[in-house]
Structure formats: C-alpha cells, structure tokens
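Take a look at the structure below.
The values are calculated or read from the model by the stated rules, or taken from the named source; none is laboratory data. Given the structure is predicted, the values throughout are model-derived calculations rather than measurements. All Cβ positions, glycine included, derive from the backbone under ideal geometry; neighbour counts span all protein chains shown.
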Amino acid sequence: MKLKTMFPVVALLLFGLFAGCDKDDDNDDDNAIRPSVSTTGPVNNATDVFLNKTITATFNESMDPISISSTTFTLFQEGTPVTGTVSYSGLIASFDPTVDLLPNTIYTITITNEVENLFGKSMENDYIWEFTTGTIISAPTVISTDPENNAINVARNKVVKVNFSEAINSSTIDGTTFYLKKDETLVVGTITYSGTTATFTPTNLWDSETIYTATITSGIENLDGIAIESNIEWSFTAGTETASLEPVFLGTAGNYVILAKTAINNISTSAITGDLGLSPAATSYITGFSLTNATGYATSAQVTGHIFAADMADPTPINLTTAVENMITAYNDAAGRPFPDFLELATGSIGGLTLTPGLYKWTNTVSIGSDITISGGADDVWIFQISEDLLMSNGVNITLVGGAQAKNIFWQLAGQATLGTTSHFEGIILSMTGINFQTGASFNGRALAQTAVVLDGNIIVEK
C-alpha cells in the first residue's frame, strides 16, 4: 500500500522536474534566436580613433532596416547627442557623424534593444560601447588591386579593379585619376565605379606578353573631400590566353523562376515550378492564379512554390527589394561584358544554328525562326547581348546538347522577349522591359523582367 501511495507522488515530482527542464529549454531557444551585435568599429575602449570615423556595428544576422534609426543607434559625447546619418546594409549598421569628431574626446555609442531582426525579434539588452578619438583625419587608401602588383600571365580580357578603404566621390574617378599605360602610351578603356570598387575595362584585349602600368592619383577623394595622400602605381604582364567566360551572378534574384516589377499576368491555366516575385507592384497586379493568401506569401494550384509581392507581410518586401536590385545588377553585368567572341552573328537571324560557348553581341533584334542547338559542357557559359528585342517563332525549339545547362545560358536584352506559341526556350532571360509567353510555350530557366511577365497556358520550370 505504501508503494501504491508513493507512486503518484513520485510521478508528479518527476513530471514537474522534466516540465521545468522543458521550460528552461524554451527560454534558451527564445534567447538563442535573438539578434546580437557581433563586432563594432571602432572596438570597445579603442583609442586614437580617426576624427572622420564612421561608426559601425555588425550583427549576427540580417536585421529589419526600419528598426535601425537615429533613435535606436545613437552617439553621445559627455551626454550631448552627436548628429549623424544612420544606415544599414547587409549585416552592418553605420553611423556617419555630420561633422568631424572632437580630438582627444570620449564618445559613447548605444544600440537599443528596440532593433529587430527580420522576424520581429529584438536584442535582449542595449549594446553600449565607447572609444576615444585621436587628432588625425584619415585619408582613403587602396586596399587591393586586381591584378596584383607584378602579376604575370594575366588574362588578355582581364578587367582591372581597385578596391578602396571607403566610399569614394565618383566624380573624382576618371581618365585623369585612374589610367593605364603601355610604355608611355595611354590605354583606351572605360572606367566605372560602384560601392568601393573602381574598374577599368580596356577597349581592346591586352597585348600578349606585354607589361602594363596602372596609376591611381591623389586627385581621388572620399565623400568628405579628403584625397588619397599620394599616387599609387602597380604593374602586371599580360599572358597569351583569355579567361573563360564567367556566369552572371544573379544573387537573390535567382531564388525566383519569375521575377517582375510591374505585373505578372496569367491569361489561362499554366503549370509553374518555382517561386514567383513581384516588386514594387502589389499583389493585385498578379492575376490569373486564384491566389490563397498566407503570412508573407500566397499559393496557387498552378504553382509548385510560393508567390510573393511587395505588399505582403515582412520580411517579404525587403527580400523582394533586394532581389530586384540583384536582378538589375545582373542585367548590367551581362550587358557590360567586354570582348564578344561573336559579333552580329547571322545579323541576328540565328534560326538553324548551333551555338557554342562564348559571348555574343547584336546591336539589333534577334529572331529565332527555326530550331537552334546550344552545344557545350556542363560548366560552359553563354551570354547573349541583344540591344533590341528577342523574337521566337511559333513551334520553334531550343535544344541543349553535350551537357549544356540552362542555368549557364544568359539572354540579356534591352527590349522585350516574345516566345511564340508551343515554342520551347532554355536559359535565363534578363529583360530591361517585358517577357511575353504566348499560348502553350514552355520554358526551362528563369524569367527576370524589369517590367511585366505575361503567361498564357505555359509550362515554366526553374533551372
């Protein structure tokens, strides 16, 4: 009787013990998913910090940019707030003071626990650190070059890149401040600048087994008007070969089989494998799918995947904004590739041809009036630069042979793509305007349009 009496008591005690453990585990899991600051610049208690230093905090995960503002990321000097601009990119939040900091002064930075990750989870506590300034204002520097100094056997189609320590005033980067010479002769080329990287693309291939000297001058300035301290020179020697064509990097745009900015219209029943994205247009501009709404996405019987639009719940709007930015970057990358292997092939009427790997360029509309074959290995790359439209006739097919893959075939067009009825297309379309799938057309790849995608009873498969 005593054992029978004790059993329920022991059972209850054990149940309470394990229940308590579960509760603690839940709390641990809850804390584990909270965002936190992993590194700062400058670090806590740093000294001799530059007077024009931009303060940064790197998080352990992506954050909601809306939660990072001048009220949640602050800088104080002895209790007095410092004015500045707060921004967020990638995992990094930045505070850029409006004016230079005071010399030999202690500053305190606070990131409050009101900042949140993309799932609405906030930091557990405020994050506070401090630093002491020195007396020096820093100048921008070159932190790397590609090719490196004294590099040899450089590919003859190499684009020269320079990475700076900070953002540069793009108006100060031109042919007088960034140039290359062969002996004493200036090399003709195109200069571009993005982020913290300047590039020089020569108009012609580098001459084989020839030394080139690159120069960055002190005329280049940062956003505060502070110039590089002195000229920087480096040299490299071109080899005899050209580098193989690299794929176009799609970034998060590659997460979608269809991505558009203004509309996705489905005239009749289609079968789509992959996710669809629309931004900045709202869900109402996705038509013909009989959507079923969920949190942050929608579904459809016609789609094996999810459907996203800019007006859906977080984090969908931010994800789509990034994807569209990546799509435009990919378009510009494809359009800017230099040194075409094939120029004005068949004057743009490419029906019946077999296309081998390489870079193709046309300054007019390209038409596919009969079947074509794309032939090459699994790692080979094709980039088609088309200055106008791409027109594919009814019933025409693209066939891949030799292991060629749709994911390595890029059709960049400044106009629109029209794929005829019952045609079959392979590759990634990067269109500055729209993509029109006519009745019964099938497609393996990704359709990425900077306006609208129109469907009509199509089979679309992400590749």
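Values computed for the structure shown
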| item | result |
| --- | --- |
| Criterion: of a type in the set (Asp, Glu) and farther than 21 Å from Thr347 by Cα - qualifying residue of Asp389, Asp456 | Asp456 |
| Residue match in the stretch 147-163 (condition: farther than 25 Å from Ser62 by Cβ and free of Cβ contacts under 8 Å to residues at least 40 places away in the same chain) | yes |
| Qualifying positions in the stretch 164-188 - part of a strand (DSSP E or B) and charged (D, E, K, R) | Lys181, Lys182 |
| The stretch 189-229, residues that are among the hydroxyl-bearing types (Ser, Thr, Tyr) and either assigned by TED's automatic domain parsing to the domain that holds Pro340 or part of a strand (DSSP E or B) (or both) | Thr190, Thr192, Tyr193, Ser194, Thr197, Thr199, Thr201, Tyr212, Thr213, Thr215 |
| Any strands (runs of 3 or more DSSP E) falling wholly within the stretch 336-450 and containing at least 1 residues that are in the same structural domain as Ile264 (by TED's automatic domain parsing) and among the basic types (Lys, Arg) | 358-362, 442-449 |
| Selection count where residues are in contact with a helix residue (DSSP H, G or I) (Cβ under 8 Å, 6 or more places away or on another chain), part of a loop (DSSP other than H, G, I, E, B) and either closer than 27 Å to Asn332 by Cα or charged (D, E, K, R) (or both), scope the stretch 250-304 | 7 |
| Criterion: outside the structural domain of Pro81 (by TED's automatic domain parsing), charged (D, E, K, R) and at pLDDT below 95 - qualifying residue of Asp64, Asp48, Asp28 | Asp28 |
| Unmet requirement for Leu75, which otherwise passes all of (1) at pLDDT below 95; (2) crowded, with 17+ Cβ neighbours inside 10 Å; (3) more than 24 Å from the chain's Cα centre (by Cα) | (1) |
| Enumeration of residues in the stretch 115-140 that are charged (D, E, K, R), surrounded by 14 or more Cβ atoms within 10 Å (Cβ to Cβ) and more than 16 Å from Glu78 (Cβ to Cβ) | Glu116, Lys121 |
| Some residue of the stretch 348-361 being small (Gly, Ala, Ser) and in contact (Cβ under 8 Å) with a residue 60 or more places away in the chain | yes |
| Qualifying position, being free of Cβ contacts under 8 Å to residues at least 60 places away in the same chain, over 20 Å from Ile272 (Cβ atoms) and under 21 Å from the mean Cα position of the chain (by Cα), among Thr365, Thr433 | Thr433 |
| Single match in Leu390, Leu359 (criterion: farther than 26 Å from Arg156 by Cα, modelled with pLDDT of 95 or more, crowded, with 19+ Cβ neighbours inside 10 Å and under 29 Å from the mean Cα position of the chain (by Cα)) | Leu390 |
| Single residue of the stretch 368-387 satisfying the filter (among the polar types (S, T, N, Q) and under 21 Å from Tyr331 (Cβ atoms)) that is surrounded by the fewest Cβ atoms within 10 Å (Cβ to Cβ) | Ser387 |
| Test: residue in the stretch 324-333 that is modelled with pLDDT of 95 or more, in the same structural domain as Ser279 (by TED's automatic domain parsing) and on the phi > 0 side of the Ramachandran plot | no |
